[in-house]
Amino acid sequence: MTRTPRSIAEVEAACDALDALPGDALATDPAAHAAELLHLGEDVLAAWVTAKGGAPTEGESEGFRLLALHRQGARGTPSFNACRETCRELVYHHNLVLDDPASSEAVQRLRMATMIARHLALFVGGKLVVDGLGDFCCSSRPIRQGETAAPEAMET
Amino acid sequence: MEKDLKKVAYYPGCALEGTGYAYNKSTKAVAKELGLDLVEVENWNCCGAMEVKNIDPEIETYLSARVLSQTEKMGFDKVMAPCNGCYHNLKKAEHDLTHDAHSVEVNDRLSKKAGHKTYEAGKVETLHALDWLMRAVGEEEISRRVRKSLSGIKVANYYGCMYTRPRRIFPEKDKGPGTESTANPHFMDDLLAAAGAENVAFPLKTACCGGAHTLSDSDTSTKLCLNILTAAEASGADVIATECPTCHTGLEMHQIRAEKVMGRKTKVKIMHFTQLLGLALGLSSRKVGVNDNFSDSRGFVKERGLG
């Protein structure tokens, strides 16, 4: 079933809504909330790919569409690797919750995953406004852009 | 422990003479307390930072190479740069001069014109304060030297971006046990744990703080910093430890701005890792510059029996 991707503003609002949920509500179905957080991350990256004129991939990398979308988003834009670890942390927290949904730490893990998803939305949203976000720090650009883009994009 | 690291060249860079004053002060105080010798690079210049890199990246490479040339001239083969920006740029210059013939040619031409020896790749190793303390002292020795344990203090270690990105300019990292990781850096965690601190699991340890855009797009920077501060609090941290003057100042300033502009108050303290380490070694809070931070941690330090 194909979902309609949300805008970055909608993702931020969804993160706020998740943040506002009491622990009991999160504890009722941690796996579903973890999956939702992963989808929020995918929507953010899909918005980036779409804004750059691409078609967001439905493929997976290492078993996750989020990581495939990150790889796609970083192609030709090495500074997009500034959110590589953020994406991987979101996947990691998703896996932690799924590994043991009954854990007493599941709610805390979901809370942290919400902040990770929000950070992704803030970074990508910021980068859509100011394209250079992350350029001269994370990717050390603009140094010979053509030369650096390809190898860095492969680091995903 | 590596004995040849007891005495190294020291490149503070411009930030440590300004907003990063407390980082400079605490780094020197920790070094002195541990019996290490920092010899400041003579007549050092700007590393090229972000500004020159944007205008003319080749001049930026040259500027960093000149710092390395000055280091070599003083007879050192190791230079320690505690600022992430300086560390990153010196590493990038090393990478460029190793892999890019054009950079080599430009550096040689400008060095000759400036009248100093051309720096050649491989002559000087650039270290961050974290690498240096791990290699010159190590966790065991830090543990042994602790006089006021950081026990009971929960720390979120925030590394920022330039310590690990882009991966290609740090060939010594990701080499397995004992080396630093670019995906999940841990040297600061290791050093502070050796001093007794309880490190919390902090998933945003390398996330973007928007530092480079703090003037051109302050709102994005404030939101990114606020999320880092909020996540640190949610992870149970009392304090965020930093190892970059730009990240540190950004977190401090945007903590204030977030409260003023967005009405979002966060209470987590922000301290340079060298300040925490210095306090654990028994140094006073004044000696490690706690009073020089914008974010006031004096009450916290006193309350925890440190300094």
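Which one of B:Arg167, B:Arg109 is farther than 15 Å from B:Lys205 by Cα, charged (D, E, K, R), surrounded by fewer than 24 Cβ atoms within 10 Å (Cβ to Cβ) and away from chain A (no Cβ under 14 Å)? Before you say what the answer is, go through the steps one by one.
Values: B:Arg167 fails: away from chain A (no Cβ under 14 Å).
Criteria check complete, one pass: B:Arg109.
Check off (1) crowded, with 16+ Cβ neighbours inside 10 Å; (2) over 21 Å from B:Leu276 (Cβ atoms); (3) more than 14 Å from chain A (Cβ to nearest Cβ); (4) not charged (D, E, K, R) for B:Leu191 and give me the number that stays unchecked.
It fails just one condition, (2).
Sort out which residues of the range B:207-235 are modelled with pLDDT under 95, out of contact with any His (no Cβ under 9 Å at 6 or more places or on another chain) and in a loop (DSSP other than H, G, I, E, B), and write them in order of number.
B:Leu215, B:Ser216, B:Asp217
Which one of A:Cys83, A:Cys137 is within 11 Å of chain B (Cβ to nearest Cβ), assigned to a helix (DSSP H, G or I), closer than 30 Å to B:Tyr87 by Cβ and touching a residue at least 12 places away in the same chain (Cβ under 8 Å)?
A:Cys83
So, in the range B:250-266, of the ones that are over 10 Å from B:Thr222 (Cβ atoms) and in contact with a Leu (Cβ under 7 Å, 6 or more places away or on another chain), which residue ends up surrounded by the fewest Cβ atoms within 10 Å (Cβ to Cβ)?
Within the range B:250-266, the match that is surrounded by the fewest Cβ atoms within 10 Å (Cβ to Cβ) is B:Thr266.
Among the residues of the range B:23-39, are any among the polar types (S, T, N, Q) and surrounded by fewer than 20 Cβ atoms within 10 Å (Cβ to Cβ)? Break it down into steps so the answer makes sense when it comes.
As a first pass, look at the range B:23-39 and keep what is among the polar types (S, T, N, Q): B:24, B:26-27.
With surrounded by fewer than 20 Cβ atoms within 10 Å (Cβ to Cβ) added as a condition, the list becomes none.
Looking through the range B:23-39, none of the residues is among the polar types (S, T, N, Q) and surrounded by fewer than 20 Cβ atoms within 10 Å (Cβ to Cβ).
Going by the conditions given, is B:Arg135 in the same structural domain as B:Leu279 (by TED's automatic domain parsing), surrounded by fewer than 18 Cβ atoms within 10 Å (Cβ to Cβ) and in contact (Cβ under 8 Å) with a residue 12 or more places away in the chain? Break it down into steps so the answer makes sense when it comes.
Working: in the same structural domain as B:Leu279 (by TED's automatic domain parsing): no; surrounded by fewer than 18 Cβ atoms within 10 Å (Cβ to Cβ): yes; in contact (Cβ under 8 Å) with a residue 12 or more places away in the chain: yes.
Here the answer is no, as B:Arg135 does not meet what is asked.
Given the conditions (1) assigned to a helix (DSSP H, G or I); (2) modelled with pLDDT of 95 or more; (3) not basic (Lys, Arg), report the number of the one that A:Pro101 does not fulfil.
Result: A:Pro101 fails condition (1) only.
The values are calculated or read from the model by the stated rules, or taken from the named source; none is laboratory data. Model, not experiment: these values are computed from the prediction. Cβ atoms come from the backbone with ideal geometry, glycine included; neighbour counts cover every protein chain shown.
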